[in-house]
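A quick write-up on the structure given underneath.
The values are calculated or read from the model by the stated rules, or taken from the named source; none is laboratory data. For clarity, every value in this text was computed on a predicted model and none was experimentally measured. Cβ sites come from the backbone with ideal geometry, for glycine too, and all protein chains shown count toward neighbours.
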Amino acid sequence: MDASKAEFRHGHFSRARTGFLRVNFEVAANDSVGAVARYLTAECDYALTNYLEAAKGFRRIADEFPDHHLAPDGLMRAGDALNALWVRPELDPSYGEEALAAYRELAARYPESRATARSQLKLAALADRFAEKEYKAGMFYFRLKAFDSAIIYFRSVAAQWGESRLAPVSLIMLVRTYQRLNYKEETQETCANLRQYYPNAKDLNETCPPAPAAP
């Protein structure tokens, strides 16, 4: 175990992984040393960009050793590995969805853990990626003048990912879509939401001109 940790510290991840696997085979299944060895094996897989194997390994720590001090970190790192597999937001989001589920499970199972606190920024970044996926789809349909489809995606960003950086941008585009369709009531309602929740949104005054003051 000590020799494998030394290899790991020196960046010799393949050799370290082999040693950690040997520890796994030689200790009892419920031995806490085995839990550490499995966790470090997954870290080696992550460093070697074997992200799917890393995600599985990290997940096993939380499932098989739920009371171990590394269990929260295992869930967080499983989310990290799955997130690394989701390379382009506009493509199949399955890995992103699994990463999101891992971070949320971490918060539910270990709400007071340091890993949960650390995962909040990761969760926010992941939400931005989901919002980007929906926003790009909305822009695709907007450019095609398929406005009904564009509306669905722009509204989805604001409804599901309201804390993301693209939420106000999507609402601005939603207003512009309604304006193209001459949907006056929907335009007014969305402008009101923008002013209430995103008063500093870029292009807000240009897209939603303030009502003239009463004489």
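Restricting attention to region 23-52, which residues are closer than 22 Å to residue 78 by Cα and charged (D, E, K, R)?
The answer is 31, 38, 43, 45.
So that you can scan it fast, the table gives a plain yes or no per residue for (1) modelled with pLDDT under 95; (2) surrounded by fewer than 20 Cβ atoms within 10 Å (Cβ to Cβ):
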{"site": "124", "(1), (2)": "yes, yes"}
{"site": "146", "(1), (2)": "no, yes"}
{"site": "150", "(1), (2)": "no, no"}
{"site": "154", "(1), (2)": "no, no"}
{"site": "164", "(1), (2)": "yes, no"}
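Residues in region 172-186: is at least one surrounded by fewer than 23 Cβ atoms within 10 Å (Cβ to Cβ), within 17 Å of residue 137 (Cβ to Cβ) and of a type in the set (D, E, K, R)?
Yes, region 172-186 contains a residue that is surrounded by fewer than 23 Cβ atoms within 10 Å (Cβ to Cβ), within 17 Å of residue 137 (Cβ to Cβ) and of a type in the set (D, E, K, R).
Of all residues in region 58-105, which are farther than 24 Å from residue 132 by Cα, of a type in the set (A, V, I, L, M, F, W, C) and either assigned to a helix (DSSP H, G or I) or touching a residue at least 40 places away in the same chain (Cβ under 8 Å) (or both)? Quick ask: steps written out before the conclusion?
Residues of region 58-105 farther than 24 Å from residue 132 by Cα: 58-75.
Within this subset, residues satisfying the condition of being of a type in the set (A, V, I, L, M, F, W, C) are 58, 61-62, 65, 70-71, 75.
Selection gives 58, 61, 62, 71, 75.
What number goes with the only condition from (1) buried (at least 17 other Cβ atoms within 10 Å of the Cβ); (2) modelled with pLDDT of 95 or more; (3) not hydroxyl-bearing (Ser, Thr, Tyr) that residue 133 does not pass?
(2)
Any idea which of (1) within 29 Å of residue 210 (Cα to Cα); (2) of a type outside the set (Phe, Trp, Tyr); (3) in the same structural domain as residue 69 (by TED's automatic domain parsing) is the one residue 100 doesn't satisfy?
Condition (1) is where residue 100 drops out.
Could you say which residue among 129, 176 is in contact (Cβ under 8 Å) with a residue 40 or more places away in the chain, charged (D, E, K, R), in contact with a helix residue (DSSP H, G or I) (Cβ under 9 Å, 6 or more places away or on another chain) and in a helix (DSSP H, G or I)?
Details: 176 fails: in contact (Cβ under 8 Å) with a residue 40 or more places away in the chain.
Testing whether each residue is in contact (Cβ under 8 Å) with a residue 40 or more places away in the chain, charged (D, E, K, R), in contact with a helix residue (DSSP H, G or I) (Cβ under 9 Å, 6 or more places away or on another chain) and in a helix (DSSP H, G or I) leaves just 129.
Checking residue 170 against (1) part of a loop (DSSP other than H, G, I, E, B); (2) closer than 25 Å to residue 121 by Cα: exactly one of these is not met. Which one?
For residue 170, the exception is condition (1).
Which condition breaks for residue 202 when tested against (1) part of a loop (DSSP other than H, G, I, E, B); (2) among the charged types (D, E, K, R); (3) modelled with pLDDT of 95 or more?
The number of the failed condition is (3).
Among the residues of region 41-57, is there at least one that is at pLDDT below 95 and assigned to a helix (DSSP H, G or I)?
Quick first cut of region 41-57, residues at pLDDT below 95 only: none.
Checking region 41-57: not a single residue is at pLDDT below 95 and assigned to a helix (DSSP H, G or I).
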